[in-house]
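Notes to accompany the following structure.
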Amino acid sequence: MGQCLSDGSFCLNDTSPLLPLLPQVRRKVVLLFAMLCLWLYMFYSCSDSCASVRGLVLPGTVPRLPAESQASITSALATDAIDPKILFGLPQAPLTAVRVERRKETGRVLADSASPISSFFSSSANKKLPQAIIIGVKKGGTRALLEFLRVHPDVRAVGAEPHFFDRSYDKGLTWYRDLMPRSLDGQITMEKTPSYFVTKEAPARISAMSKDTKLIVVVRDPVTRAISDYTQTLSKRPDIPTFESLTFKNRTTGLIDTSWSAIQIGIYAKHLENWLLYFPISQILFVSGERLIGDPAGELGRVQDFLGLKRVITNKNFYFNKTKGFPCLKKSEGSSKSHCLGKNKGRTHPNINQEVVQRLREFYRPFNMKFYQMTGHDFGWD
């Protein structure tokens with residue numbers, strides 16, 4: 001039985017010598033097509049780098065964008081956003097813009113360039129040393145401030161406290177930078193470690209990293225802060241002595257034990273003097289821990305201005321949680337629930353003898369007055 005074309009113009013009978021050759025022809029055609037696809041892919045891959053050579057523009061390519069423009073555009077391309085047609089060099093509709101959602105980084109949509117291949121293989125989302133650091137103080141409200149700031153699309157912050165400038169400085173800046181999240185051009189990288197404010201070596205070390213680092217200090221009534229500090233320790237070590245016994249070197253004379261860290265941290269003026277040896281006062285923002293609770297949007301407005309950010313975080317982002325006694329973040333886009341700080345925040349303070357509280361207020365008063373003068377701001381703790 002022979003095989004013929006539909007119009008009968010060409011036939012092969014069962015004995016035709018061409019019949020056994022058909023499978024070989026098919027294989028060669030498939031192989032040729034595969035090689036063509038591979039060649040097109042390699043051509044598109046190298047055309048971008050070739051086009052960057054001065055005066056050389058290959059047919060079918062576009063000139064490379066300026067580095068800064070290309071970086072801001074192409075850095076967000078993720079592998080799940082690349083059309084397979086692009087990767088394999090197959091025909092596609094002309095692209096003038098690509099929109100890619102950076103789910104893990106910023107959740108923002110970025111416009112892109114006319115060179116998808118170069119966009120895929122280049123990236124400006126890098127780990128950078130922080131441009132701003134929340135340096136203190138412990139139990140002042142630093143965690144709340146950091147979580148509020150992370151709502152801003154132009155803030156990239158480390159969740160955990162790195163403790164680089166006080167505990168791990170010997171590990172080097174490369175180690176420190178690797179702890180940071182990736183950020184795009186125009187975004188601010190931040191971290192918070194409240195013990196920096198009371199670490200003698202921290203100002204010089206941060207200055208050595210960058211003299212332009214912006215510093216934020218969240219301060220709180222030093223008496224309330226000391227009690228909160230004690231409450232935290234008590235939750236971990238229920239057998240510690242009473243607050244009153246730890247406060248005084250000698251209860252009879254009323255001499256305050258300034259070697260106790262809970263007391264020593266609250267002498268803000270003393271610690272600030274050390275920082276002013278390396279940074280101008282204009283480079284340090286002092287945030288009121290009390291107002292961070294009473295008017296979070298107002299304090300966040302000041303912080304955003306200080307960091308040179310657009311005021312994105314406003315009253316619409318907060319609600320007051322009566323149970324916890326402090327503000328929480330409302331539901332954000334893509335989230336099914338609001339965000340409040342954990343159970344270890346807002347602990348109920350133990351009852352402290354009011355005579356002890358009054359003695360502490362008298363102790364801190366001259367230091368508070370000096371701190372007000374140094375910062376040009378009266379925090380109203382007296």
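The values are calculated or read from the model by the stated rules, or taken from the named source; none is laboratory data. Quick caveat, the model's predicted, so the values are computed rather than measured. Positions of Cβ are backbone-derived with ideal geometry, glycine not excepted, and every protein chain shown enters the neighbour counts. With ligands, DNA and RNA removed, areas are computed over all heavy atoms of the protein, side chains included. Shrake-Rupley method; radii C 1.70, N 1.55, O 1.52, S 1.80 Å.
Summed over the stretch 223-253, the residues that are in contact (Cβ under 8 Å) with a residue 40 or more places away in the chain, of a type in the set (Gly, Ala, Ser) and out of contact with any helix residue (DSSP H, G or I) (no Cβ under 8 Å at 6 or more places or on another chain) give a count of 2. Restricted to the stretch 139-166, and to residues that are aromatic (Phe, Trp, Tyr) and part of a loop (DSSP other than H, G, I, E, B), which residue is farthest from Tyr196 (Cα to Cα)? Result: Phe164.
Residues in the stretch 348-382 that are β-branched (Val, Ile, Thr), assigned to a helix (DSSP H, G or I) and closer than 23 Å to Leu255 by Cβ: Val356, Val357. With respect to Lys192, is the statement that it is surrounded by fewer than 21 Cβ atoms within 10 Å (Cβ to Cβ), closer than 29 Å to Trp381 by Cα and not β-branched (Val, Ile, Thr) true? Spelling it out, it is not the case that Lys192 is surrounded by fewer than 21 Cβ atoms within 10 Å (Cβ to Cβ), closer than 29 Å to Trp381 by Cα and not β-branched (Val, Ile, Thr). Quick one: in the stretch 243-270, which of the residues that are part of a loop (DSSP other than H, G, I, E, B) and at pLDDT 95 or above is most open to solvent (accessible area, probe 1.4 Å)? Once the filter is applied, the top-ranked residue is Ser259.
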